[in-house]
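Structure first, then comments.
The values are calculated or read from the model by the stated rules, or taken from the named source; none is laboratory data. Remember, it's a predicted structure, so these values are computed and weren't measured experimentally. Backbone-built Cβ (ideal geometry, glycine too); neighbour counts: all protein chains shown.
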Amino acid sequence: MNTKNDTYKHKGQRQRLVQLLESKNIRDVNLLKAIGSVPRHLFLPKDFEQRAYEDNALPIDEEQTISQPYTVAFQTQCLNIKPGDKVLEIGTGSGYQAAILAEMGATVYTIERIEKLYNKAKKILSSYKNVFCFLGDGTMGLPENKPYNKIIVTAAAPHTPLVLINQLCIGGKAIIPIGNMKNQKMIIFTKTDENTFSEKELGDFRFVPLIGKYAWNL
Ligand code: SAM
């Protein structure tokens, strides 16, 4: 990541974003510190850089989006990320969410299905020694590195992805937006035993579709 393009102006804008997220009930200090540190503008196409610190989802390449900062913060806070957590992210996109998790001290395995986005994210995330990028269909998870303490899905799944929940360790948590193409409910799953899990609904969100073997077949 070329941090020489991170100016005092950007740092000030980030602090205002942090204050906005605090006012929306984001309280995890380690998470707020990460949002205050990661230069979100460097994860965006040039045309959208100046809008990087608005609390909005924005377009990246290939008709995909970087999630709204509030959504990134909400999903991350729900997972209660601790340093040393092994986290699987489905949907690398720009790489911003992976950078936030890495700043928080997690080891991140992130998978993206679109090669152009994978290549770009891999480059910008190369400064993090605790992020591993993969190209492929994330609906199958990444069984070679399981079990994970936490799983975050940043695209909309049509139904509960059991394949992913099976890759959690016992006590592990997965946060996944589930619904139709237009809107989804955020669901947090906790693996309670080898073959059982609990789930809780956390409100309405809107994501681009999760496309793959165990999701939408577009
Ligand atoms: N986390 C991203 C960020 O920080 O920029 C935002 C992700 S964007 C909302 C959703 C991403 O999920 C897109 O890049 C899309 O290509 C990817 N995606 C959709 N289905 C996928 C799948 N089966 N496996 C991996 N990635 C997938």
Out of the residues in region 64-91 that are under 11 Å from the mean Cα position of the chain (by Cα) and near the ligand (Cβ under 6 Å from one of its atoms), which is farthest from K123 (Cα to Cα)? S67
From the list I100, I111, which residue is within 10 Å of the ligand (Cβ to nearest atom), buried (at least 19 other Cβ atoms within 10 Å of the Cβ), within 23 Å of K191 (Cα to Cα) and among the hydrophobic types (A, V, I, L, M, F, W, C)? I111
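Can you list the helices (runs of 4 or more DSSP H) found entirely within region 5-79 that contain at least 3 residues being under 16 Å from L101 (Cβ atoms) and either out of contact with any strand residue (DSSP E or B) (no Cβ under 8 Å at 6 or more places or on another chain) or among the aliphatic types (A, V, I, L, M) (or both)?
Those helices (runs of 4 or more DSSP H) span 29-37, 69-79.
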Test each condition in (1) closer than 19 Å to N2 by Cβ; (2) at pLDDT 95 or above for I35 and report the one that comes out false. (1)
Residue count for region 195-218, restricted to those that are in contact (Cβ under 8 Å) with a residue 24 or more places away in the chain and of a type in the set (D, E): 1
Hey, S94 at negative phi, among the hydroxyl-bearing types (S, T, Y), under 9 Å from the mean Cα position of the chain (by Cα) and within 10 Å of the ligand (Cβ to nearest atom) or not: no
Does A34 satisfy the condition of being touching a His at 6+ places or on another chain (Cβ under 6 Å), within 16 Å of the ligand (Cβ to nearest atom), closer than 19 Å to T154 by Cα and touching a residue at least 24 places away in the same chain (Cβ under 8 Å)? no
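To keep it simple, each residue is scored yes or no on (1) among the aliphatic types (A, V, I, L, M); (2) surrounded by fewer than 20 Cβ atoms within 10 Å (Cβ to Cβ); (3) within 23 Å of L58 (Cα to Cα); (4) within 16 Å of the ligand (Cβ to nearest atom).
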| residue | (1), (2), (3), (4) |
| --- | --- |
| L135 | yes, yes, yes, yes |
| T139 | no, no, no, yes |
| V153 | yes, no, yes, yes |
| H159 | no, yes, no, yes |
| L164 | yes, no, no, yes |
| G172 | no, no, no, no |
| I176 | yes, no, yes, yes |
| K182 | no, yes, yes, yes |
| K200 | no, yes, no, no |
For region 38-63, give me each residue that is modelled with pLDDT of 95 or more, more than 16 Å from the chain's Cα centre (by Cα) and of a type in the set (K, R). R51
Given (1) among the charged types (D, E, K, R); (2) within 16 Å of the ligand (Cβ to nearest atom); (3) over 27 Å from L135 (Cβ atoms); (4) surrounded by 12 or more Cβ atoms within 10 Å (Cβ to Cβ), index of the condition R206 fails: (3)
Please go through region 141-151 and pick out each residue that is aromatic (F, W, Y) and within 14 Å of the ligand (Cβ to nearest atom). none
Selection count where residues are over 16 Å from the mean Cα position of the chain (by Cα) and more than 17 Å from L79 (Cα to Cα), scope region 147-159: 2
